Each structure stands twice: as structure tokens, then as C-alpha cells.
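First comes the structure, then the notes that go with it.
Values in this text are rule-based calculations from the coordinates and carry no lab data. Note that the structure is predicted; figures quoted are calculated from it, not measured. With ideal geometry, Cβ positions are generated from the backbone for all residues, glycine too; neighbour counts draw on all protein chains shown.
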Amino acid sequence: MKIDVLVAEIGSTTTVVNAFHGIGTPCPKFIGQGQAPTSVLEGDVTIGLKGAVESLKKQLDVDSIEYSEMLATSSAAGGLRMTVHGLVYDMTVRAAREAALGAGGIIKMVTAGKLRRLDLKKIVDIKPNIILVAGGVDYGERETALDNMEKIVSLNLNIPIIYAGNIENSDEVSLICEEAGIKLYLVDNVYPRIDFLNIEPTRKVIQEVFEEHIIHASGMTTVRDMVNGPIIPTPGAVMEAARLLKESIGDLVVFDVGGATTDVHSVTEGSEEINKLLISPEPYAKRTVEGDLGVFINQKHIIEKINRSELEEEFENVEELVASANPIPETEIEKRFIERLAKEAVLISLARHAGRLRYIYGPSGKKTIAEGKDLSNIKYIIGTGGALTRLPNNITVLKSAAGRGKGLELYPGKEAEILIDKFYIFASLGVLSKKYPEEAVLLMKKSIGYED
């Protein structure tokens, strides 16, 4: 069988391949999905890729599959591990962190100010895929970023560095890395002036650096044997999909509830009224990662947040359900239990992602300010990921995020529409959109059941 495009999602535990036909025509189609265990431990992810293709052949009931292109997303080998180093936490550090998260990075370390000996030891222990250095508005403070760059280079880690700080440092930063033989990527300042975020150039370069260096990561050395198109981080691919879909249907937030983490991607400029009250700028497209909110690996953390006694009122056999937990729930009681955990993951991740109003009091009386991301203009709440796409009551789970605010929270309103990525293909469509944006939008709309 000849297929136009295969997209592989190479995860830490599972590799999925999605098949698309009619790419380049007005009627693209999603025709099937296969999956197999990821073969990172074997040192060759193509074993898992081939297994997923075999699974797809069985699902399509064909003897062979040929494809014109294969694209990929990856969170294998620990994903895109990054460390971020800036000047002031609420300014350049925050801007650099937003850029890294938006690109799909897994941020293992964040520092503000000059690096110390213990910081340098932590960088060595983390073994990041990329190091991001920022600091100083353009033509402002220079010394911190230069000092940090000298110290990082002295570690001799042979890790690519992205510099996205004070433009005045560019030539000196280039010289430091050139003399040390370190690969450097110079990008526009993520925080060029006070209260202005410029994260998009850095976000794009992070994904380019990831693609260029992913073949050097453990377990990824032979991935190019099968993949002949782009490879981007899986979380970054979901963000790409969300950004593109927003341009077509309107402001949206995407919840990706998984076994280990819950990611939230929002794409909205917020309301004019709230923007006037913001005390610091927020990115147009924002991603947050909640590493303690997973419905399988991290379900104990969610149970603690719900309160075990409260959960036992709903489920008499909580201990048994935890002890026998499977990545994919099978019985009705297991599904209801995971739905309850998924609902809590959605609510907690929403509270951490969204902003809120706050009152401050001064000599002139009470003043209202806004902090964080404004989701009040959100029109669509979308669910993707293994849990939210496969659970029978996924729409009910997501409805809990609409109209939840009690007055001060900048949450989506109760009129927000709930949509589900029923084919579980948003990440694949994110990487597909790099070459075929129109087809990716059409396929996303089909998956969520959206009609123009």
C-alpha cells in the first residue's frame, strides 16, 4: 500500500505512527495508526519504528507499506532537556523559559544572575541537549551573560548553546564560543526592552537545534534511516498544531493529559481590558508543563491533591486500583477512576497556567492588577493525549475547566466549546504543518469534529 506521509511519534515508552493520504490535495485523510514499544534501551529507535509500522500494516490489513515521506516527533531519550540561564528571574529568565517551553523543551534547570560552582555541577549532571543563555535588555547590563557564558564554555561539554540576550554581547559571545570550539546560535534578545517579550525567534531556533542534534542523543543514532523529513520535540509539535488551529477557528487552550505529565497550551492575546491591567507581559502562545500530574506514573501525586478520604467516598477500592494500575485502563471502574484523576489534573493545571486579578492598596485606595495568562477570551477547550482522547467521558472531564472561575481567576468562560482530538493526531499534525499547513488544519478540524 502506498501512503503519502507517515508521521512517527517516538515517545519514551511507546512509538506511534500515523498514516495520512491525499496530502497535497483538498481532501487529506487520516487512514490509520500503529504502535509499538519504543526501543530506546536497545540503542536503536528504528526497531520501535519498524514495530509500529508492522502494527499499522495489521490495522490496515495490508502486506506492505510504502511511503513518500516520513516525519517525526520525539520525546525519547529524555526529550529535549534544556537548562536556562538569565539575569532577573521575572524578566529575562522568564522570557527565556517561555521560549524554551513553547519549543517543547523539558526545562531541567533555571538560574538567575551569575552562575555558582554548584550551578555548574548541576549542569554537568543534567547533561542537557541545549543550553539557553539570556540576560540584559538591549544595550543594558552586559556582565552577567558574559560571565555565565565563560563559565559554561569552561565545562567543555560540547553542548550547543543558544544566546538570546543583550545584543551588545553578540560579538564577544561569538568569540568566546569560537575559541572554545562550541557550536553557538545567536538569536534576537528574548527580552529586548522592559515589558516586551520576543520569544518567537528563540522558539524556532530551539526546534532547529533539536532537529540538528537529536541524532546524537542516546537511542536516536539511527532514526534518520527511516525519517526523511523534520523531527521536532513532541510537546513543541502540539504547540505548533495549537498555534495553527487558532488562526483558523479562534482563541483556544489545549489540555494534554498523559501518564506522567499534563501539558497546557494556550493561544490567545487575552482581552484588551485585562491587558491594560497586566503588570508583566505574557506570551501569545504559552505552554506549561506539570511534571507531577500524570494519571499513571504520577497518579499518587494527584490522589494526594484530591485527598484520599474524599476519593474513597467515590471509590471503595482505591488501594486496589492504585496497586493494579495499567497505562491503559480496561474495566469500567478503572476508566471511571482515571477520569476522576484526569479531571483533577485538568483543574490543577488550569489553575497553574491561568492568571488572576489581584487587589493592591495604596495611598490612593484600591487598585486592580492582573498577573499571568488571560484565558477569558478562550472559545475552545480541546483535549488531546492518551487519557483525554480515549476515556468515554472525556468531554465531561474537560467541561470542568469552563466557567470554573469565582471572580478573580482569568479562566475560560462557561460558553467555551469542548472539543476532542478523537484520532489522537495533534502532535503528528504539528510536525506535518511544517511542510503542509493547509492539510494539517483540515485534518485537525476533522479530528475535533469542527465544521466551518
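For the chain, compute Rg over Rh where Rg is the Cα radius of gyration and Rh is the Kirkwood radius from the inverse mean 1/r over Cα pairs. Dividing the radius of gyration by the Kirkwood radius yields 0.97. Sorting the segments 183-189, 236-242 by their residues' average number of neighbouring beta-carbon atoms within 10 angstrom, most packed first, yields 236-242, 183-189. For the range 36-113 versus the range 178-205, the inter-centroid distance based on Cα atoms is 22 Å.
Across the range 265-270, computed HN-Hα scalar couplings (Karplus, 6.51 cos²θ - 1.76 cosθ + 1.60, θ = phi - 60°) run 10, 10, 10, 6, 8, x Hz from first to last residue, x flagging Gly and Pro. What fraction of the DSSP beta bridges in the chain is antiparallel, stated in percent and rounded to the nearest 5? Bridges in the chain that DSSP calls antiparallel: roughly 50 percent. Could you please report the charge total around ILE126, scoring K, R as +1 and D, E as -1 over all other residues with beta-carbon less than 12 angstrom from its beta-carbon? In short, +3.
For the range 231-330, the set of trypsin sites (Lys or Arg not before Pro) satisfying both a DSSP loop assignment and a count of at most 15 other C-beta atoms within 10 Å is given as LYS276.
The trypsin sites (Lys or Arg not before Pro) of the range 356-452 that DSSP puts in a loop, and whose beta carbon has at most 13 other beta carbons within 10 Å, are LYS406, LYS414.
Close Lys pairs in the range 104-173 (alpha-carbon distance under 14 Å; sequence gap of 8 or more, or different chains): 6.
Under the classification rounded if a/c is under 1.5, otherwise prolate if a/b is larger than b/c and oblate if not, where does the range 327-452 fall, given a ≥ b ≥ c as square roots of the Cα gyration tensor eigenvalues? The shape class here is oblate. Checking every one of the GluC sites (Glu not before Pro) in the range 315-359 against DSSP loop status and a limit of 12 other Cβ atoms within 10 Å picks out GLU316, GLU330. The magnitude of the dipole of the range 86-243, with charges of +1 and -1 set on the Cβ of Lys/Arg and Asp/Glu and taken from the Cα centre, is near 660 debye. In plain terms, the chain from ASN228 to HIS213 could stretch by 3.9 nm, reckoned as 0.36 nm per residue minus the Cα-Cα distance.
Note on the range 81-216: Cα-only Rg and Dmax are 13.0, 38 Å.
Relative contact order, whole percent, for the range 85-161 stands at 37, derived from Cα pairs under 8 Å and 6 or more residues apart.
Both the radius of gyration and Dmax for the range 254-362 are 17.3, 58 Å, in that order, over alpha-carbon atoms. Between ARG390 and ASP138, the contour length at 0.36 nm per residue exceeds the Cα-Cα span by 85.9 nm. Mean separation of Cα pairs under 8 Å and 6 or more residues apart, divided by the residue count, gives the range 1-157 a relative contact order of 20 percent.
For the peptides 117-129, 197-209, the ranking by packing is 197-209, 117-129, with the highest mean count of neighbouring Cβ atoms within 10 Å listed first. Plainly put, the range 232-448 has a radius of gyration that is 1.01 times its Kirkwood radius, both from alpha-carbon atoms, as the Rg/Rh ratio.
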